[in-house]
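Visitor: Okay, handing you the structure first.
The values are calculated or read from the model by the stated rules, or taken from the named source; none is laboratory data. These numbers were taken from a predicted model, which means no experiment stands behind them. Backbone-built Cβ (ideal geometry, glycine too); neighbour counts: all protein chains shown. Just so you know, the surface numbers come from the protein's heavy atoms only, side chains and all, with ligands and any DNA or RNA stripped out. Shrake-Rupley method; radii C 1.70, N 1.55, O 1.52, S 1.80 Å.
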Amino acid sequence: MNAPAKTEEFAIKTPDGVYAETVLSVEHYTDHLFRFRMTRPAGFRFRSGEFAMIGLMVGDKPIYRAYSIASPSWDEELEFFSIKVPNGPLTSHLQAIKPGDTVLMRKKPTGTLVLDALTPGKRLYMFSTGTGIAPFASLIRDPETYEKFEEVILTHTCRDVAELKYGFDLVEEIKNHEFLSEIVGNKLKHYATVTREDYPFKGRITDLIANGKMFADLGVPPLDPAIDRGMICGSSAMLKDTKELLEKAGLTEGANNKPAEFVIERAFVG
């Protein structure tokens with residue numbers, strides 16, 4: 001199984017600063033959502049929550065796009081969660097990958113959705129829409145998250161119920177994991193909502209924050225800058241609206257070089 005991938009790697013002649021890795025598994029959730037896992041390069045280091053530039057050879061040139069690494073920093077493999085865009089320069093090709101195929105990845109990960117960019121707190125909110133859950137898929141499987149916070153609340157909002165399955169699969173994986181299940185215990189809360197179908201929790205997360213329903217559903221008090229911290233990843237409109245709500249509650253935006261109460265990933269929207 002390894003020989004073809006190795007041959008393909010040499011055929012691609014990747015430039016310095018680029019890895020050529022092998023796809024290990026692919027799982028399609030809906031007609032426009034899928035996740036895949038690939039080999040992790042020897043020596044590749046990243047912080048949970050960061051993203052990397054991944055790509056494919058299309059014709060005779062590589063095409064890259066920013067993707068959050070969905071696996072935690074301790075994982076021996078790399079996981080990604082992607083949308084399928086019919087005419088997307090990269091995703092129109094990426095959605096057709098299968099085990100044994102080669103994916104390119106630039107060597108330098110980066111991003112703002114990392115624990116280091118937040119000041120110490122008690123409760124960590126991870127606000128996500130669509131594939132914006134990917135960096136949080138990494139962070140909720142990282143023991144350091146639970147060392148730094150007493151409570152972790154993952155919110156995931158999609159249009160349809162079927163699009164929520166990846167998030168539920170992640171939580172189930174944690175519950176069944178030999179060491180994560182003990183570390184996480186009951187610290188993780190998963191709040192999934194949809195906007196287009198009937199569901200116990202329905203509505204845009206920004207509306208549910210604004211009207212207080214999210215806090216009532218979770219049994220927690222309103223946002224408090226003294227103890228609450230936030231991370232936001234989703235569509236551009238969702239980033240803007242959630243940021244305004246957090247700032248209205250008194251939280252300040254931070255960055256890698258200036259930790260504060262909440263952070264946003266602006267490298268991509270999804």
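Visitor: Would you be able to tell me the number of residues in the stretch 218-238 that are over 11 Å from Phe262 (Cβ atoms) and open to solvent by less than 20 Å² (accessible area, probe 1.4 Å)?
Guide: From the stretch 218-238, those over 11 Å from Phe262 (Cβ atoms) are 218-222, 224, 226-227, 233-238; that's our starting set.
Within this subset, residues satisfying the condition of being open to solvent by less than 20 Å² (accessible area, probe 1.4 Å) are 220, 233-234, 238.
Total meeting the criteria: 4.
Visitor: I've got another one for you. Can Glu27 be described as open to solvent by 40 Å² or more (accessible area, probe 1.4 Å), free of Cβ contacts under 8 Å to residues at least 12 places away in the same chain and in contact with a strand residue (DSSP E or B) (Cβ under 7 Å, 6 or more places away or on another chain)?
Guide: Values: open to solvent by 40 Å² or more (accessible area, probe 1.4 Å): yes; free of Cβ contacts under 8 Å to residues at least 12 places away in the same chain: yes; in contact with a strand residue (DSSP E or B) (Cβ under 7 Å, 6 or more places away or on another chain): yes.
For Glu27, the condition - open to solvent by 40 Å² or more (accessible area, probe 1.4 Å), free of Cβ contacts under 8 Å to residues at least 12 places away in the same chain and in contact with a strand residue (DSSP E or B) (Cβ under 7 Å, 6 or more places away or on another chain) - is met.
Here's the yes/no breakdown for (1) open to solvent by 50 Å² or more (accessible area, probe 1.4 Å); (2) in a loop (DSSP other than H, G, I, E, B); (3) of a type outside the set (Gly, Ala, Ser); (4) closer than 26 Å to Thr252 by Cα:
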| position | (1), (2), (3), (4) |
| --- | --- |
| Ala20 | no, no, no, no |
| Val23 | no, no, yes, no |
| Arg37 | no, no, yes, no |
| Phe46 | no, yes, yes, yes |
| Arg65 | yes, no, yes, no |
| Ser71 | no, yes, no, no |
| Glu79 | no, no, yes, no |
| Phe127 | no, no, yes, yes |
| Pro135 | no, no, yes, yes |
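Visitor: Check the stretch 149-159 and report whether any residue there is open to solvent by less than 10 Å² (accessible area, probe 1.4 Å) and part of a helix (DSSP H, G or I).
Guide: no
Visitor: Just checking, which of Glu144, Glu172 is modelled with pLDDT of 95 or more, under 20 Å from Ile69 (Cβ atoms), in a helix (DSSP H, G or I) and open to solvent by 50 Å² or more (accessible area, probe 1.4 Å)? Explain how you work it out, then say what you get.
Guide: Numbers: Glu172 fails: under 20 Å from Ile69 (Cβ atoms).
Residue meeting the stated conditions: Glu144.
Visitor: Is there a residue being at negative phi, assigned to a loop (DSSP other than H, G, I, E, B), buried (at least 18 other Cβ atoms within 10 Å of the Cβ) and not aliphatic (A, V, I, L, M) anywhere in the stretch 113-124? Please lay out each step first, then the result.
Guide: Kept after step one, since they are at negative phi, are these residues of the stretch 113-124: 113-124.
From the residues that got through so far, the ones that are assigned to a loop (DSSP other than H, G, I, E, B) too are 113-114, 119-122.
From the residues that got through so far, the ones that are buried (at least 18 other Cβ atoms within 10 Å of the Cβ) too are 113-114, 121.
From the residues that got through so far, the ones that are not aliphatic (A, V, I, L, M) too are 121.
Yes, the conditions are met somewhere in the stretch 113-124.
Visitor: From the list Leu180, Leu208, Leu154, exactly one residue is over 14 Å from the mean Cα position of the chain (by Cα), of a type in the set (A, V, I, L, M) and closer than 26 Å to Asp241 by Cα. Which is it? Talk me through it step by step, then tell me what you get.
Guide: On the way: Leu180 fails: closer than 26 Å to Asp241 by Cα; Leu154 fails: over 14 Å from the mean Cα position of the chain (by Cα).
From the options Leu180, Leu208, Leu154, the qualifying one is Leu208.
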